[in-house]
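Chemist: Quick one: the structure is below, and I'll ask about it shortly.
The values are calculated or read from the model by the stated rules, or taken from the named source; none is laboratory data. Remember, it's a predicted structure, so these values are computed and weren't measured experimentally. Glycine gets a Cβ as well: all are built from the backbone with ideal geometry, and neighbour counts include every protein chain shown. Ligands, DNA and RNA are excluded from the accessible area calculation, which covers all protein heavy atoms including side chains. Shrake-Rupley method; radii C 1.70, N 1.55, O 1.52, S 1.80 Å.
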Amino acid sequence: MTENKTRKFYIETYGCQMNFSDSEIVASILTAEGFQPSNSLVDTDIVLLNTCSIREHAEDRVRKRLHYFRSLKKKNPGLTIGLLGCMAERTKTALMEEEQLLDLIAGPDSYRHLPGLLEQVHSGKKAIDTILSADETYADINPVRLDSNGVSAFISIMRGCENFCSYCVVPYARGQERSRDAESVIREAKSLFIQGFREVTLLGQNVNSYHWSNGNSEVSFPKLLELVAQVNPLLRLRFATSHPKDLSLEVIRVIAAYPNICKAIHLPVQSGSNKILDKMNRKYTREEYLEKIRSVRSLIPGCAISTDIITGFCDETEEDHRQTLDLMKAAAFDYAFTFKYSERPKTIAAEKFTDNVTAEVKERRLREIITLQQELSSASNHRDLGETFEVLIEGESKRSDKQYFGRNSQNKALVFPKTNQKPGEYLNVKVKRVTSATLIGEAV
Ligand code: 5AD
Ligand code: SF4
C-alpha cells in the first residue's frame, strides 16, 4: 500500500445530502489508507463520481460529465476514474461496458473496500463491487468534512429504505433499511461540537423509523433526537427526511420541547390526490397528511414546513393536479422541492403502470405548482418582516464581504451587516426586507 501515499483523489458528488455525507465517509476511508485528498480535478490521480439515480436527469448529468472525463483521460492515461453511489449500484457492469473509460464501480455499501479496489485498478485490472449489505452503517468511520463551513455538518443515522414508494429507485439503489449505533451518533455529535461545529443534521431516507437496540437499551427516533439535543444547548439539531406516515406526536413534542431542535420539518407529500397517493404506495391520505400539519402547527408555533412534490405521475388527471394545488394552499408550505415524474427502471411504477402524462402536461403542471409555491414562499417571508430571529452565523454572504450569511431555526437564509461576532456564533437579527429567497436584516 505504500504507493498509495502519493496518490491523490478527488470526489465529485451528485444527489442528496446523504450522498454528500457518504463522500465524507469515502474520504475518511481513503485518507486512513494514505491516499491524499485533492481539491482540484487537474491535480489528482483518482477521480470518483458519487452519483444519484433518483431521476433520469440526474443520471444524464453524470453521463455528460463522463464525456468530459474522456478528454481528461486522453491527456493523462494514468488517471483512474471511478463511479460510486446509486448509479453505480443501479447500473452495475452495464455502465462499465458502455463507458469504457470507467476503471472502478462501487455501490453505497462497498466503500470500505475502496482501498483494495483501487489497488486492483493500479495493478491493471478493472474493479467492481456492488454488493448491498444488511448491516453496513459505517458507524465507526469518522467522516472527513469536505467543503465544510466549519459550522454545520451532516451525521448519517441510518441507511437504505424499505418503503417501496412505487416511483422510487432508492430501495433498489441503497438496499435494506438499517439504523446506526446510537452511541456512535452521540459520539460524532460531541466530537463535532468540540471541533467548533454548531449545527448537525441527522440524515436518513426515513429518519422517523430509526430504531437501535444493544440488548439493554432501545433508542427510537424521538429518543435519539433528545440525546443529541442534550449534547449541548448551543448545538443546533436538524433532521431529514421524515415520512408523513411515521411522523409521530412524540417526535413533534420532542421538537417543541428543545429550543436547540430546529423548528423546521421537511415532510414530502408528493401529491394531494388520494388516488395518486395510493398508487404511489405512500400509505397516508391527504386528510391524514393535513392532520399532521395541523398538529405540527399547533404544537410547534412558528415551525416551518417544507415538502417535495412530484407532478405528472401515472394516471394523474387535471382533478388530481387541482387537488395537489389545493393541498399546497391548505398546508401553506414555506418551501417546496418540485419535480416532474421520471420513470425509473425496476420500480413498481415502471413494471406495472404506464407513464401516460405527456411531457407538455407535466411541464405545464410543474409551472403551475412552482408559481403557487412562489406565492406561498413569498407570503411566508412577508410574515417574517419586522420579526427578530436567533441566527447562527455560517460565514460571509456570497454577494458582499461586508455582510454575514446565516440561518434561523426555520432554516431560512438571512443576510445582515457584519458584527463583531464570528461564524459559529449566534445573534439576534431583525428582518427589515425580504426577497423571494432571503430575509435581509440587521443585528439587534
Ligand atoms: N421522479 C420524480 N421525482 C422523484 N422523486 C423520487 N423519485 C422520483 C421520480 N421517479 C422525488 C420525490 C422525493 C425526492 C427526493 O425526489 O419527491 O421526495
Ligand atoms: Fe439520489 Fe436517492 Fe441515491 Fe440520494 S439516495 S443519491 S436522492 S438516488
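Chemist: In the list PHE405, PHE416, which residue meets the criterion of being without any contact (Cβ under 8 Å) to a residue 60 or more places away in the chain, touching a Ser or Thr at 6+ places or on another chain (Cβ under 6 Å) and either open to solvent by 50 Å² or more (accessible area, probe 1.4 Å) or over 17 Å from LYS263 (Cα atoms) (or both)?
Modeler: After ruling out the rest, the residue left standing is PHE405.
Chemist: Please go through segment 129-154 and pick out each residue that is in contact with a Phe, Trp or Tyr (Cβ under 8 Å, 6 or more places away or on another chain), among the hydroxyl-bearing types (Ser, Thr, Tyr) and open to solvent by less than 30 Å² (accessible area, probe 1.4 Å).
Modeler: If the condition is that a residue be in contact with a Phe, Trp or Tyr (Cβ under 8 Å, 6 or more places away or on another chain), among the hydroxyl-bearing types (Ser, Thr, Tyr) and open to solvent by less than 30 Å² (accessible area, probe 1.4 Å), then TYR138 is the only one that fits.
Chemist: Return the residues of segment 174-203 that are within 16 Å of ligand 2 (Cβ to nearest atom) and on the phi > 0 side of the Ramachandran plot; say none if nothing qualifies.
Modeler: GLY175
Chemist: Let me ask another. How many of the residues making up segment 239-253 are closer than 25 Å to SER21 by Cα, crowded, with 19+ Cβ neighbours inside 10 Å and not hydroxyl-bearing (Ser, Thr, Tyr)?
Modeler: 6
Chemist: Report the residue count in segment 324-364 for those that are more than 10 Å from ligand 1 (Cβ to nearest atom), touching an Asp or Glu at 6+ places or on another chain (Cβ under 8 Å) and under 30 Å from GLY302 (Cβ atoms).
Modeler: 1
Chemist: Quick one: would you say ARG112 is open to solvent by 60 Å² or more (accessible area, probe 1.4 Å) and touching a residue at least 60 places away in the same chain (Cβ under 8 Å)?
Modeler: So ARG112 passes the test.
Chemist: Name the residues in segment 254-289 that are open to solvent by 40 Å² or more (accessible area, probe 1.4 Å), touching a residue at least 40 places away in the same chain (Cβ under 8 Å) and under 16 Å from ILE300 (Cα atoms), would you?
Modeler: The one that is open to solvent by 40 Å² or more (accessible area, probe 1.4 Å), touching a residue at least 40 places away in the same chain (Cβ under 8 Å) and under 16 Å from ILE300 (Cα atoms): ALA256.
Chemist: Something else now. Filter segment 15-51 for residues that are under 19 Å from THR91 (Cβ atoms) and either open to solvent by 20 Å² or more (accessible area, probe 1.4 Å) or basic (Lys, Arg) (or both) and give the result.
Modeler: GLY15, CYS16
Chemist: Please find, within segment 87-101, the residue that is farthest from ligand 2 (Cβ to nearest atom) out of those that are crowded, with 24+ Cβ neighbours inside 10 Å and closer than 16 Å to ARG65 by Cα.
Modeler: ALA88
Chemist: Consider LEU366 carefully, then state whether it is over 22 Å from CYS52 (Cβ atoms), assigned to a helix (DSSP H, G or I) and not basic (Lys, Arg).
Modeler: No, not satisfied.
Chemist: Looking at this structure, is ASP320 touching a residue at least 24 places away in the same chain (Cβ under 8 Å) and surrounded by fewer than 17 Cβ atoms within 10 Å (Cβ to Cβ)?
Modeler: Answer is no for this residue.
Chemist: Could you tell me which numbered condition LEU84 fails, if it satisfies all but one of (1) within 16 Å of ligand 1 (Cβ to nearest atom); (2) buried (at least 19 other Cβ atoms within 10 Å of the Cβ)?
Modeler: (1)
Chemist: Going by the conditions given, is LEU132 under 18 Å from VAL169 (Cβ atoms), among the hydrophobic types (A, V, I, L, M, F, W, C), touching a residue at least 40 places away in the same chain (Cβ under 8 Å) and not in a helix (DSSP H, G or I)?
Modeler: yes
Chemist: If you don't mind, another one. Name every residue in segment 342-363 that is in a helix (DSSP H, G or I), small (Gly, Ala, Ser) and within 18 Å of LYS279 (Cβ to Cβ), in order of residue number.
Modeler: ALA349, ALA350
Chemist: Residue check: is VAL231 among the β-branched types (Val, Ile, Thr), open to solvent by 10 Å² or more (accessible area, probe 1.4 Å) and touching a residue at least 12 places away in the same chain (Cβ under 8 Å)?
Modeler: When the stated conditions are applied, VAL231 passes them.
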